[in-house]
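Written below as structure tokens is the structure these notes are about.
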Amino acid sequence: MKLGKLDEQCPKCGCQDKTIQRKLDPEYHAHGSTRAFVCSECGYVFKKGEDD
Ligand SMILES: [Zn+2]
């Protein structure tokens, strides 16, 4: 798993704090789980499906 995205600033608020969310989604169950990098400040979603 690459963490390069964690260095990106949020385009909305400029914050670099992020939360990695993992959620099981039936739609993506074949891939196990989806990940989303979410800005800790404003909740902006950076990326989903890091495994692609
Ligand atoms: Zn933000």
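Rule-based calculations on the coordinates, nothing more; no lab input. Please read all numbers here as calculations on a predicted model, not as lab measurements. Ideal geometry is used to build each Cβ from the backbone, glycine not excepted, and the neighbour counts take in all protein chains shown.
Amide H contacts for CYS15 (H built 1.01 Å from N in the peptide plane; partners 5 or more residues away or on another chain; cut-off under 5 Å): CYS10.
Between the amide H of ARG35 and those of GLY49, GLU50, ASP51, distances stay under 5 Å, these residues lying 5 or more places away or on another chain, with hydrogens modeled in the peptide plane. Using the Cβ-Cβ distance between LYS12 and ARG35 with R0 = 22 Å, the FRET efficiency computed as 1/(1 + (r/R0)^6) comes to roughly 0.65.
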